[in-house]
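The values are calculated or read from the model by the stated rules, or taken from the named source; none is laboratory data. Values in this document were obtained by computation on a predicted structure and should not be read as measured data. A quick note on method: Cβ atoms are made from the backbone with ideal geometry, for glycine too, and the neighbour counts reach across all protein chains shown.
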Amino acid sequence: MAEHPIRTALVTGAAQGLGAAIARRLHADGLHVALADLNATAAAALAIELDPTGETARAIAVDVSDVESVRSCFADQTAAWGPPDVLVNNAGRTPRASVWEITPDEWDDVLGTNLRSYLLFCQLAGAAMREKGWGRIVNMSSFAGQQGGLVAGAHYAASKAGALVLTKIFARELAPHGVTVNAVSPAAIRTPAMGSDADAAEAGRSLPTGRVGTAEEVAAAVAYLVGPDSGFVTGATLDINGGVFMR
Ligand SMILES: NC(=O)c1ccc[n+]([C@@H]2O[C@H](COP(=O)([O-])OP(=O)(O)OC[C@H]3O[C@@H](n4cnc5c(N)ncnc54)[C@H](O)[C@@H]3O)[C@@H](O)[C@H]2O)c1
């Protein structure tokens, strides 16, 4: 199997939000980063910002809800740099909906986007990492997957709960092969969806920390989980939620 001299990462949903912050952080940490997103234009713009030569950052257009698109994304990554040493499953949809009104098609679409894509990428990347004897996978879950969504719908919460258990299953499968698989479970992270600074400050006041979190704080946690010092951490869920949920 093709080895790349520098660790390579595939980050899904990297065009904006947490995925973009993770891509920036891993690139700053010296990894070669592929930014996979449905929004190919924004992913390409960030890749160029990170490295105009394209040598250490590149964008891949992908619709993670489409099985063939996931496969061709992985093939694209593998052809360029070999299979990734690091996979961050982060792309997802966060629809709001009453549990009484979710249609079967909407359920399937959210589960297909947010959870089946994690399965497919874990299968593809995990098999290659197992063969290499080293790898790091992080699956982005959510507080909603632990406690039920407060705002997002039941389909979203179910997909994020599924991500937690999928993480444990792959962690157990891959632990003997030098591959760790962990979940990150954020809540109340400052994103455009939160509205104005005043809205974010208001949201923060209800948290034990008295403030909302930042995408960079989530990215720093991911950087630890995909780094060289976290080899004994696997199957874990790291809560990044300002203390709103403790266990
Ligand atoms: N922001 C938060 O507070 C928060 C809290 C809990 C969990 N999360 C999780 O973190 C992840 C990122 O959240 P975010 O706030 O940055 O979201 P976001 O909506 O800002 O970004 C999501 C990215 O995923 C991409 N995407 C969506 N559907 C896709 C598809 N079918 N194929 C490929 N790419 C697709 C979008 O284009 C976008 O770039 C998600 O999995 C979300 O559930 C976020």
Name the residues in region 22-48 that are closer than 23 Å to Gly92 by Cα and charged (D, E, K, R), would you? Arg24, Arg25, Asp37
Single residue of Ala220, Ala198 found to be hydrophobic (A, V, I, L, M, F, W, C) and either surrounded by 17 or more Cβ atoms within 10 Å (Cβ to Cβ) or over 27 Å from Leu31 (Cβ atoms) (or both): Ala198
Checking Glu106 against (1) buried (at least 17 other Cβ atoms within 10 Å of the Cβ); (2) within 16 Å of the ligand (Cβ to nearest atom); (3) modelled with pLDDT of 95 or more, which single condition isn't satisfied? (1)
Quick one: how many residues across region 87-99 are in contact with a Leu (Cβ under 7 Å, 6 or more places away or on another chain) and away from the ligand (no atom under 15 Å from the Cβ)? 0
Here the residues within region 30-86 that are surrounded by 15 or more Cβ atoms within 10 Å (Cβ to Cβ), away from the ligand (no atom under 13 Å from the Cβ) and not hydrophobic (A, V, I, L, M, F, W, C) are His32, Thr56, Arg58, Asp76, Gln77, Thr78, Gly82, Pro83, Pro84, Asp85
Checking the conditions here, which among Gly231, Gly210 is farther than 26 Å from Arg24 by Cα, more than 15 Å from the ligand (Cβ to nearest atom) and not acidic (Asp, Glu)? Gly210
Counting only residues that are crowded, with 21+ Cβ neighbours inside 10 Å and away from the ligand (no atom under 13 Å from the Cβ), region 8-29 contains a total of 5
